[in-house]
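Asker: Just passing along the structure, written as structure tokens.
The values are calculated or read from the model by the stated rules, or taken from the named source; none is laboratory data. Because the structure is predicted, anything quoted here is derived from the model rather than measured. FYI the Cβ positions are ideal-geometry reconstructions off the backbone, even for glycines, and counts take in every protein chain you see. Keep in mind that these areas ignore ligands, DNA and RNA; they rest on the heavy atoms of the full protein, side chains included. Shrake-Rupley method; radii C 1.70, N 1.55, O 1.52, S 1.80 Å.
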Amino acid sequence: MIEKIKSIRAELEAVAPANLDEVEALRIKYLSKKGLISSLMNDFRSVPAEHKRELGQAINELKSFATDRINSLRETLADKGADGDAADLSRPASPAPALGTRHPLSLVREEILGIFHRLGYTIADGPEIEDDWHVFESLNFPPDHPARDMQDTFFIARRPDVLLRTHTSSVQTRVMTSQKPPIRIVCPGRVYRNEAISARAHCFFHQVEALYIDKNVTYADLRQTLLYMARELFGEHTQIRLRPSYFPFTEPSAEMDISCNICGGKGCAFCKGTGWVEILGCGMVDPNVLEACGIDPKVYSGFALGMGIERITNLKYRVNDLRLFSENDVRFLDEFTATHS
Ligand code: DAH
């Protein structure tokens with residue numbers, strides 16, 4: 001009987017089926033109820049007791065060898081598609097590579113640009129490495145004026161007049177010096193400030209600036225534009241509030257709050273019980289700025305506003321750690337697929 005077991009094993013080692021049907025025939029021959037290995041088991045019953053242990057073990061080993069061998073032959077042939085016919089075209093293809101997702105800051109930037117596009121604004125651009133005149137001087141920050149300290153600036157070594165722009169307001173003066181009113185532009189871009197990186201501050205972030213210059217532009221135009229923008233971004237029930245503020249390039253200047261979009265203005269932990277959250281700075285363009293750019297302030301007036309895209313994104317999506325925006329952790333980025341792809 002041992003000889004029989006050995007010869008079945010040798011046969012199995014030598015088989016070379018050409019297709020899956022032949023593998024199935026082998027399975028029937030060796031492993032089915034009426035197959036060779038079952039018949040060995042039948043023979044096993046009449047084996048004398050002293051050989052039972054040894055033979056039982058050998059038969060079991062043969063059975064598992066046969067099972068493994070036939071399974072692996074089947075897999076190899078299935079992988080090759082060599083089941084006699086062509087490959088099985090109904091099998092699912094390998095899964096498509098995962099699609100990338102839009103970055104949350106891009107989503108919000110596009111949304112803001114879309115709002116201003118509907119109001120007739122066009123997109124303007126300017127350099128991130130700027131000169132002092134566009135970032136400060138033209139915007140009514142005289143040299144050594146304390147307002148320059150409102151924004152901690154990165155300067156370029158050995159070129160004190162060249163710096164990384166601290167705000168997109170620099171694009172305002174780029175446009176005002178190169179275009180004639182009416183001007184209606186929106187400028188998205190990256191800005192830099194010398195801040196230690198933490199959940200609440202970063203050495204770079206993103207802003208969108210809007211500028212409107214024409215004859216007879218008034219504070220009422222600014223207010224209505226802001227209200228429209230806030231409601232498009234945060235929903236039609238959003239209220240706005242303008243608080244007096246100071247920026248060198250606007251007079252009067254204001255900061256805008258929206259009714260807290262979490263509690264609807266009732267007061268919650270997020271708005272520190274006030275019902276309001278600040279989202280941007282704005283004001284009527286200071287006549288000195290118009291003059292510096294060659295626009296006659298007796299003929300033209302205008303308004304400007306600037307907001308941080310991270311800030312708006314935090315409010316819309318509750319991202320409360322600024323570092324997440326630049327770490328490119330796909331677990332974070334993937335969260336923006338479902339609702340926005
Ligand atoms: N540039 C300001 C900042 O970065 C934001 C700002 C305030 C822009 C008022 C404006 C404005 O256009 O009118 O803090």
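Asker: Is it the case that Ile279 is within 16 Å of the ligand (Cβ to nearest atom), closer than 12 Å to Ile213 by Cα, open to solvent by less than 60 Å² (accessible area, probe 1.4 Å) and of a type in the set (A, V, I, L, M)?
Answerer: Values: within 16 Å of the ligand (Cβ to nearest atom): yes; closer than 12 Å to Ile213 by Cα: no; open to solvent by less than 60 Å² (accessible area, probe 1.4 Å): yes; of a type in the set (A, V, I, L, M): yes.
When the stated conditions are applied, Ile279 does not pass them.
Asker: Now, a different point. Would you confirm, using the coordinates I've provided, whether Ala220 is within 13 Å of the ligand (Cβ to nearest atom) and among the small types (Gly, Ala, Ser)?
Answerer: On the way: within 13 Å of the ligand (Cβ to nearest atom): no; among the small types (Gly, Ala, Ser): yes.
No, not satisfied.
Asker: Glu128: within 16 Å of the ligand (Cβ to nearest atom), farther than 25 Å from Leu233 by Cα and surrounded by fewer than 16 Cβ atoms within 10 Å (Cβ to Cβ), yes or no? Before the answer, list the steps.
Answerer: Working: within 16 Å of the ligand (Cβ to nearest atom): yes; farther than 25 Å from Leu233 by Cα: yes; surrounded by fewer than 16 Cβ atoms within 10 Å (Cβ to Cβ): yes.
Taking the combined requirement at face value, the residue satisfies it.
Asker: If you take the residues of region 301-322 that are surrounded by 15 or more Cβ atoms within 10 Å (Cβ to Cβ) and in a loop (DSSP other than H, G, I, E, B), which of them is farthest from the ligand (Cβ to nearest atom)?
Answerer: Among those residues, the one meeting the criterion is Val319.
Asker: Step by step: first the residues of region 233-265, then only those that are assigned to a loop (DSSP other than H, G, I, E, B) and within 12 Å of the ligand (Cβ to nearest atom), then the one that is surrounded by the most Cβ atoms within 10 Å (Cβ to Cβ). Which residue is that? If you could, list the steps in order and put the result at the bottom.
Answerer: The initial filter retains those residues of region 233-265 that are assigned to a loop (DSSP other than H, G, I, E, B), namely 235-239, 248-249, 260-265.
Checking which are within 12 Å of the ligand (Cβ to nearest atom) leaves us with 248-249.
Details: Pro248: 20, Phe249: 24.
So the residue we want is Phe249.
Asker: Further, regarding this structure: Can you name the residue in region 287-300 that is more than 14 Å from the ligand (Cβ to nearest atom) and among the β-branched types (Val, Ile, Thr) and, of all such residues, is most open to solvent (accessible area, probe 1.4 Å)?
Answerer: Out of the qualifying residues, it is Val299.
Asker: A further question follows. Checking the structure you have, find out if any residue of region 180-196 is open to solvent by 30 Å² or more (accessible area, probe 1.4 Å), under 29 Å from Thr274 (Cα atoms) and in contact with a helix residue (DSSP H, G or I) (Cβ under 9 Å, 6 or more places away or on another chain).
Answerer: no
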